[in-house]
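Here is the structure we will look at.
The values are calculated or read from the model by the stated rules, or taken from the named source; none is laboratory data. Keep in mind it's a predicted model, so treat the numbers as computed, not measured. Quick reminder, even Gly has a Cβ in these numbers, built from the backbone with ideal geometry, and neighbours come from all protein chains shown.
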Amino acid sequence: MAQDKVRVGVIGCGAGLFHLEGYAAEPRAEVVALAGLDTDRCEMLAGRFSVPRIYRDYQDLLAQEDIDAVSIAVPNFLHMPVTVAALEAGKHVLIEKPLARHVDEGKLMLEAAERTGKILAVSFQRRTRHDVEIVRDQIACGALGRVYYSKAYWMRRSGIPGLGSWFTSKEAAGGGPLIDLGVHVLDMALYMLGNPVVTTVSAATYSEIGPRGRGNWVGRRTSQGSDDPVNYEVEDLATAFLRFEDGGTLLLEASWASFTEMDDDFGVQFYGSEGGARIHSKKYADVDTLDLFSEIGDTTTDSHPRLVSRPGHAQIINGFVDGILNGTPVSPDGEEGLDRVRLIDAVYRSAALGREIDIAEVG
(Lines give C-alpha, C1' and ligand atoms only; values in the text may rest on other atoms or scores of the structure.)
Protein backbone atom coordinates (compact mmCIF):
# COMPACT_ATOMS: atom_id res chain seq x y z
CA MET A 1 0.00 0.00 0.00
CA ALA A 2 1.22 3.48 -0.82
CA GLN A 3 2.02 5.37 2.37
CA ASP A 4 -0.40 8.21 1.66
CA LYS A 5 -3.17 6.52 -0.30
CA VAL A 6 -5.62 3.68 0.40
CA ARG A 7 -6.86 1.82 -2.67
CA VAL A 8 -10.43 0.70 -2.18
CA GLY A 9 -12.94 -1.67 -3.71
CA VAL A 10 -16.67 -1.24 -3.12
CA ILE A 11 -18.82 -4.38 -3.12
CA GLY A 12 -22.49 -3.62 -3.70
CA CYS A 13 -23.82 -0.92 -6.02
CA GLY A 14 -26.99 -0.13 -4.08
CA ALA A 15 -26.08 1.29 -0.67
CA GLY A 16 -22.54 1.31 -2.04
CA LEU A 17 -23.46 4.72 -3.48
CA PHE A 18 -23.15 6.28 -0.01
CA HIS A 19 -19.68 4.80 0.41
CA LEU A 20 -18.60 6.11 -2.98
CA GLU A 21 -19.77 9.58 -1.98
CA GLY A 22 -17.79 9.26 1.25
CA TYR A 23 -14.60 8.16 -0.49
CA ALA A 24 -14.97 11.02 -3.00
CA ALA A 25 -14.60 13.40 -0.03
CA GLU A 26 -11.49 11.60 1.30
CA PRO A 27 -8.30 12.61 -0.58
CA ARG A 28 -6.30 9.80 1.06
CA ALA A 29 -8.46 7.11 -0.58
CA GLU A 30 -9.04 6.08 -4.17
CA VAL A 31 -11.80 3.71 -5.29
CA VAL A 32 -10.27 1.51 -7.98
CA ALA A 33 -12.96 -1.16 -8.41
CA LEU A 34 -16.65 -1.94 -7.97
CA ALA A 35 -18.40 -5.30 -7.75
CA GLY A 36 -22.11 -5.99 -8.03
CA LEU A 37 -24.73 -8.10 -9.78
CA ASP A 38 -26.60 -5.07 -11.16
CA THR A 39 -24.17 -4.38 -13.99
CA ASP A 40 -26.08 -1.38 -15.35
CA ARG A 41 -26.09 0.35 -11.99
CA CYS A 42 -22.43 -0.47 -11.39
CA GLU A 43 -21.52 0.98 -14.76
CA MET A 44 -23.49 4.13 -13.99
CA LEU A 45 -21.71 4.56 -10.65
CA ALA A 46 -18.32 3.77 -12.18
CA GLY A 47 -18.86 6.55 -14.70
CA ARG A 48 -20.06 9.01 -12.09
CA PHE A 49 -17.15 8.39 -9.70
CA SER A 50 -14.46 7.57 -12.30
CA VAL A 51 -13.92 4.01 -11.08
CA PRO A 52 -11.78 2.15 -13.65
CA ARG A 53 -12.82 -1.48 -13.02
CA ILE A 54 -16.10 -3.36 -12.57
CA TYR A 55 -16.54 -7.00 -11.53
CA ARG A 56 -19.72 -9.03 -11.34
CA ASP A 57 -18.25 -11.51 -8.84
CA TYR A 58 -16.90 -9.98 -5.63
CA GLN A 59 -14.31 -12.78 -5.43
CA ASP A 60 -12.69 -11.39 -8.60
CA LEU A 61 -12.42 -7.98 -6.91
CA LEU A 62 -10.90 -9.54 -3.79
CA ALA A 63 -8.28 -11.31 -5.93
CA GLN A 64 -6.82 -7.95 -7.03
CA GLU A 65 -3.53 -7.37 -5.22
CA ASP A 66 -3.63 -3.60 -5.62
CA ILE A 67 -6.74 -3.26 -3.39
CA ASP A 68 -6.00 -2.49 0.26
CA ALA A 69 -9.52 -2.20 1.69
CA VAL A 70 -13.14 -2.82 0.79
CA SER A 71 -16.48 -1.35 1.66
CA ILE A 72 -19.22 -3.99 1.76
CA ALA A 73 -22.80 -2.89 1.12
CA VAL A 74 -24.74 -6.06 0.29
CA PRO A 75 -27.87 -7.77 1.71
CA ASN A 76 -27.53 -8.90 5.32
CA PHE A 77 -27.21 -12.63 4.57
CA LEU A 78 -24.00 -11.89 2.64
CA HIS A 79 -22.32 -9.79 5.33
CA MET A 80 -20.53 -12.67 7.02
CA PRO A 81 -19.28 -14.67 4.00
CA VAL A 82 -18.17 -11.60 2.03
CA THR A 83 -16.46 -10.02 5.06
CA VAL A 84 -14.61 -13.19 6.02
CA ALA A 85 -13.49 -13.68 2.40
CA ALA A 86 -12.28 -10.07 2.24
CA LEU A 87 -10.34 -10.30 5.49
CA GLU A 88 -8.74 -13.57 4.44
CA ALA A 89 -7.78 -11.93 1.14
CA GLY A 90 -5.79 -9.39 3.17
CA LYS A 91 -8.24 -6.47 2.90
CA HIS A 92 -9.37 -4.11 5.62
CA VAL A 93 -13.19 -4.05 5.80
CA LEU A 94 -15.84 -1.42 6.34
CA ILE A 95 -19.20 -3.20 6.56
CA GLU A 96 -22.64 -1.63 6.38
CA LYS A 97 -24.82 -2.04 9.46
CA PRO A 98 -25.86 -4.38 10.92
CA LEU A 99 -22.60 -6.25 11.36
CA ALA A 100 -24.42 -9.56 10.90
CA ARG A 101 -27.81 -11.24 11.08
CA HIS A 102 -27.03 -12.79 14.47
CA VAL A 103 -24.31 -13.23 17.07
CA ASP A 104 -22.81 -16.45 15.69
CA GLU A 105 -22.11 -14.81 12.33
CA GLY A 106 -20.69 -11.73 14.02
CA LYS A 107 -18.29 -13.81 16.07
CA LEU A 108 -16.96 -15.49 12.92
CA MET A 109 -16.30 -12.05 11.43
CA LEU A 110 -14.42 -10.81 14.50
CA GLU A 111 -12.40 -14.02 14.64
CA ALA A 112 -11.39 -13.52 11.01
CA ALA A 113 -10.32 -9.93 11.71
CA GLU A 114 -8.22 -11.03 14.68
CA ARG A 115 -6.71 -13.93 12.75
CA THR A 116 -5.71 -11.76 9.80
CA GLY A 117 -4.75 -8.64 11.73
CA LYS A 118 -7.01 -6.48 9.55
CA ILE A 119 -9.42 -3.72 10.53
CA LEU A 120 -13.13 -4.49 10.75
CA ALA A 121 -15.20 -1.32 11.00
CA VAL A 122 -18.99 -0.84 10.95
CA SER A 123 -20.86 1.98 9.23
CA PHE A 124 -23.03 3.39 12.01
CA GLN A 125 -22.81 6.76 10.33
CA ARG A 126 -25.57 8.44 12.31
CA ARG A 127 -23.38 8.59 15.42
CA THR A 128 -21.24 11.18 13.58
CA ARG A 129 -24.09 13.73 13.50
CA HIS A 130 -23.47 17.12 15.12
CA ASP A 131 -26.49 16.76 17.42
CA VAL A 132 -25.24 13.37 18.60
CA GLU A 133 -21.78 14.78 19.33
CA ILE A 134 -23.23 17.64 21.38
CA VAL A 135 -25.45 15.37 23.47
CA ARG A 136 -22.66 12.84 23.99
CA ASP A 137 -20.40 15.63 25.29
CA GLN A 138 -23.17 17.01 27.53
CA ILE A 139 -23.72 13.59 29.08
CA ALA A 140 -19.99 12.91 29.47
CA CYS A 141 -19.33 16.20 31.27
CA GLY A 142 -22.25 15.65 33.65
CA ALA A 143 -24.44 18.50 32.37
CA LEU A 144 -27.50 16.20 32.43
CA GLY A 145 -26.57 14.64 35.75
CA ARG A 146 -27.46 10.98 36.05
CA VAL A 147 -29.34 9.88 32.91
CA TYR A 148 -31.82 7.40 34.28
CA TYR A 149 -34.31 6.99 31.42
CA SER A 150 -33.93 7.14 27.65
CA LYS A 151 -36.06 6.61 24.55
CA ALA A 152 -34.89 5.74 21.04
CA TYR A 153 -37.20 5.34 18.07
CA TRP A 154 -37.40 5.15 14.31
CA MET A 155 -41.00 5.14 13.16
CA ARG A 156 -42.44 5.06 9.66
CA ARG A 157 -46.08 5.47 8.73
CA SER A 158 -45.63 3.53 5.48
CA GLY A 159 -42.10 2.60 4.49
CA ILE A 160 -41.43 -1.11 4.04
CA PRO A 161 -38.25 -1.14 1.86
CA GLY A 162 -39.56 -3.78 -0.52
CA LEU A 163 -42.55 -6.06 -0.07
CA GLY A 164 -41.54 -9.58 -1.03
CA SER A 165 -37.85 -8.65 -1.40
CA TRP A 166 -34.90 -9.85 0.69
CA PHE A 167 -35.79 -7.16 3.23
CA THR A 168 -38.94 -9.05 4.23
CA SER A 169 -37.30 -12.49 4.31
CA LYS A 170 -36.27 -13.62 7.81
CA GLU A 171 -33.52 -15.80 6.38
CA ALA A 172 -32.06 -13.09 4.15
CA ALA A 173 -32.42 -10.07 6.41
CA GLY A 174 -32.41 -11.53 9.91
CA GLY A 175 -35.41 -9.42 10.86
CA GLY A 176 -37.46 -6.38 9.93
CA PRO A 177 -37.38 -2.74 11.03
CA LEU A 178 -35.60 -3.58 14.28
CA ILE A 179 -32.46 -4.85 12.53
CA ASP A 180 -32.83 -2.32 9.70
CA LEU A 181 -33.76 0.94 11.47
CA GLY A 182 -33.82 0.20 15.18
CA VAL A 183 -30.16 -0.80 15.24
CA HIS A 184 -29.27 2.75 14.13
CA VAL A 185 -31.05 4.53 16.97
CA LEU A 186 -29.98 1.87 19.46
CA ASP A 187 -26.38 2.56 18.49
CA MET A 188 -26.94 6.32 18.73
CA ALA A 189 -28.41 6.05 22.22
CA LEU A 190 -25.77 3.70 23.62
CA TYR A 191 -22.97 5.73 22.04
CA MET A 192 -24.21 8.96 23.60
CA LEU A 193 -24.62 7.23 26.98
CA GLY A 194 -21.03 5.96 26.90
CA ASN A 195 -21.93 2.34 26.09
CA PRO A 196 -23.59 1.24 29.35
CA VAL A 197 -23.82 -2.50 30.00
CA VAL A 198 -27.27 -3.91 29.19
CA THR A 199 -28.39 -6.64 31.59
CA THR A 200 -31.95 -7.59 30.58
CA VAL A 201 -34.37 -7.08 27.69
CA SER A 202 -38.16 -7.37 27.55
CA ALA A 203 -39.62 -7.09 24.06
CA ALA A 204 -42.54 -7.66 21.73
CA THR A 205 -42.78 -7.69 17.95
CA TYR A 206 -45.82 -7.33 15.72
CA SER A 207 -46.60 -8.13 12.10
CA GLU A 208 -49.99 -6.62 11.36
CA ILE A 209 -49.66 -4.62 8.15
CA GLY A 210 -46.93 -6.04 5.89
CA PRO A 211 -48.35 -9.58 5.62
CA ARG A 212 -51.48 -8.09 4.00
CA GLY A 213 -49.47 -6.44 1.24
CA ARG A 214 -49.78 -3.00 2.82
CA GLY A 215 -47.28 -0.53 4.27
CA ASN A 216 -44.99 -0.17 1.26
CA TRP A 217 -43.35 3.21 0.58
CA VAL A 218 -46.06 5.76 -0.19
CA GLY A 219 -46.53 6.03 -3.95
CA ARG A 220 -44.60 2.85 -4.74
CA ARG A 221 -46.70 0.40 -6.70
CA THR A 222 -46.88 -3.27 -5.80
CA SER A 223 -48.25 -6.28 -7.66
CA GLN A 224 -50.51 -7.19 -4.74
CA GLY A 225 -53.94 -5.91 -3.89
CA SER A 226 -54.49 -3.90 -0.73
CA ASP A 227 -55.07 -6.97 1.44
CA ASP A 228 -53.44 -9.78 -0.54
CA PRO A 229 -50.89 -11.93 1.35
CA VAL A 230 -47.23 -11.54 0.39
CA ASN A 231 -43.91 -13.11 1.32
CA TYR A 232 -43.57 -11.20 4.57
CA GLU A 233 -41.73 -13.12 7.30
CA VAL A 234 -40.54 -10.33 9.64
CA GLU A 235 -42.05 -7.82 12.04
CA ASP A 236 -43.38 -4.44 10.98
CA LEU A 237 -43.16 -3.03 14.54
CA ALA A 238 -40.79 -3.90 17.38
CA THR A 239 -40.64 -2.49 20.89
CA ALA A 240 -38.22 -3.30 23.70
CA PHE A 241 -37.37 -2.23 27.23
CA LEU A 242 -33.68 -2.52 28.14
CA ARG A 243 -32.25 -2.36 31.66
CA PHE A 244 -28.67 -1.19 32.29
CA GLU A 245 -26.21 -2.35 34.91
CA ASP A 246 -26.14 1.19 36.37
CA GLY A 247 -29.91 1.19 36.94
CA GLY A 248 -30.86 3.22 33.87
CA THR A 249 -33.40 2.06 31.29
CA LEU A 250 -34.07 2.52 27.58
CA LEU A 251 -37.29 2.20 25.59
CA LEU A 252 -36.70 1.23 21.94
CA GLU A 253 -39.25 1.36 19.11
CA ALA A 254 -38.81 0.62 15.40
CA SER A 255 -41.45 0.42 12.69
CA TRP A 256 -41.65 0.19 8.92
CA ALA A 257 -45.44 0.54 8.88
CA SER A 258 -47.77 1.73 11.63
CA PHE A 259 -50.67 4.13 12.04
CA THR A 260 -48.75 6.97 13.65
CA GLU A 261 -48.31 10.73 13.27
CA MET A 262 -44.68 10.14 12.29
CA ASP A 263 -43.93 9.83 8.58
CA ASP A 264 -40.27 8.72 8.60
CA ASP A 265 -38.91 10.08 11.89
CA PHE A 266 -36.18 8.96 14.22
CA GLY A 267 -34.76 10.27 17.44
CA VAL A 268 -33.44 9.79 20.93
CA GLN A 269 -34.49 11.45 24.20
CA PHE A 270 -32.67 11.46 27.54
CA TYR A 271 -34.02 12.22 31.00
CA GLY A 272 -31.36 13.18 33.55
CA SER A 273 -31.30 14.37 37.14
CA GLU A 274 -29.93 17.79 36.09
CA GLY A 275 -31.24 18.18 32.55
CA GLY A 276 -32.56 16.52 29.44
CA ALA A 277 -31.98 16.32 25.70
CA ARG A 278 -34.05 15.43 22.67
CA ILE A 279 -32.99 14.71 19.09
CA HIS A 280 -35.87 14.45 16.64
CA SER A 281 -35.19 14.07 12.91
CA LYS A 282 -37.97 14.23 10.33
CA LYS A 283 -37.13 12.68 6.97
CA TYR A 284 -33.40 12.43 7.71
CA ALA A 285 -32.89 16.07 8.77
CA ASP A 286 -29.60 16.68 10.58
CA VAL A 287 -29.98 20.37 11.45
CA ASP A 288 -32.66 22.06 13.57
CA THR A 289 -33.15 18.74 15.38
CA LEU A 290 -31.82 19.23 18.93
CA ASP A 291 -33.39 20.60 22.11
CA LEU A 292 -31.69 20.76 25.50
CA PHE A 293 -33.75 21.15 28.68
CA SER A 294 -32.44 22.63 31.93
CA GLU A 295 -33.28 25.30 34.50
CA ILE A 296 -32.12 28.76 35.53
CA GLY A 297 -32.85 29.72 39.11
CA ASP A 298 -36.46 28.88 39.87
CA THR A 299 -37.63 28.45 36.28
CA THR A 300 -37.13 26.08 33.37
CA THR A 301 -35.26 26.88 30.18
CA ASP A 302 -34.89 25.25 26.77
CA SER A 303 -32.12 25.76 24.22
CA HIS A 304 -32.01 24.94 20.54
CA PRO A 305 -28.35 24.70 19.43
CA ARG A 306 -27.33 25.66 15.89
CA LEU A 307 -26.12 22.58 14.08
CA VAL A 308 -23.87 21.86 11.14
CA SER A 309 -24.80 19.26 8.53
CA ARG A 310 -22.24 16.46 8.23
CA PRO A 311 -22.01 13.71 5.60
CA GLY A 312 -22.16 10.62 7.82
CA HIS A 313 -20.45 8.07 5.59
CA ALA A 314 -17.64 10.52 4.86
CA GLN A 315 -17.01 10.87 8.61
CA ILE A 316 -16.92 7.10 9.10
CA ILE A 317 -14.64 6.66 6.07
CA ASN A 318 -12.29 9.33 7.36
CA GLY A 319 -11.87 7.33 10.57
CA PHE A 320 -11.50 4.08 8.62
CA VAL A 321 -8.70 5.56 6.50
CA ASP A 322 -7.04 7.00 9.62
CA GLY A 323 -7.04 3.53 11.11
CA ILE A 324 -5.41 2.02 8.03
CA LEU A 325 -2.77 4.71 7.47
CA ASN A 326 -2.00 5.81 11.03
CA GLY A 327 -3.14 2.97 13.28
CA THR A 328 -5.75 5.20 14.93
CA PRO A 329 -8.40 3.17 16.78
CA VAL A 330 -11.47 2.83 14.59
CA SER A 331 -14.93 3.62 15.94
CA PRO A 332 -17.35 1.98 15.57
CA ASP A 333 -15.39 -1.23 15.34
CA GLY A 334 -16.35 -4.87 15.08
CA GLU A 335 -16.72 -5.27 18.84
CA GLU A 336 -19.31 -2.50 19.00
CA GLY A 337 -21.03 -3.97 15.97
CA LEU A 338 -21.22 -7.36 17.69
CA ASP A 339 -22.60 -5.77 20.86
CA ARG A 340 -25.47 -4.24 18.86
CA VAL A 341 -26.16 -7.55 17.13
CA ARG A 342 -26.25 -9.27 20.52
CA LEU A 343 -28.89 -6.80 21.73
CA ILE A 344 -30.96 -7.22 18.57
CA ASP A 345 -30.77 -11.00 19.09
CA ALA A 346 -31.94 -10.50 22.67
CA VAL A 347 -34.93 -8.43 21.55
CA TYR A 348 -36.03 -11.08 19.06
CA ARG A 349 -35.49 -13.86 21.59
CA SER A 350 -37.48 -12.06 24.29
CA ALA A 351 -40.33 -11.42 21.84
CA ALA A 352 -40.36 -15.06 20.74
CA LEU A 353 -40.40 -16.36 24.32
CA GLY A 354 -42.83 -13.75 25.62
CA ARG A 355 -40.71 -12.89 28.65
CA GLU A 356 -37.81 -10.79 29.86
CA ILE A 357 -34.44 -12.38 29.22
CA ASP A 358 -30.95 -11.91 30.56
CA ILE A 359 -28.35 -10.85 28.00
CA ALA A 360 -26.26 -13.84 29.10
CA GLU A 361 -28.88 -16.09 27.48
CA VAL A 362 -27.86 -14.78 24.06
CA GLY A 363 -24.17 -15.65 24.31
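Results, tabulated for the structure shown:
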read-out	value
Some residue of the range 227-238 being touching a Phe, Trp or Tyr at 6+ places or on another chain (Cβ under 7 Å) and modelled with pLDDT under 95	no
Count - residues of the range 90-108 that are buried (at least 19 other Cβ atoms within 10 Å of the Cβ) and more than 17 Å from the chain's Cα centre (by Cα)	2
Subset of the range 67-81 [among the β-branched types (Val, Ile, Thr) and either surrounded by fewer than 22 Cβ atoms within 10 Å (Cβ to Cβ) or part of a loop (DSSP other than H, G, I, E, B) (or both)]	Ile67, Val74
Condition check for Phe241: out of contact with any Pro (no Cβ under 8 Å at 6 or more places or on another chain), touching a residue at least 24 places away in the same chain (Cβ under 8 Å), among the hydrophobic types (A, V, I, L, M, F, W, C) and over 24 Å from Val198 (Cβ atoms)	no
Output for the range 5-34, where each listed residue is charged (D, E, K, R) and either touching a residue at least 40 places away in the same chain (Cβ under 8 Å) or assigned to a strand (DSSP E or B) (or both)	Arg7, Glu21, Glu26, Arg28, Glu30
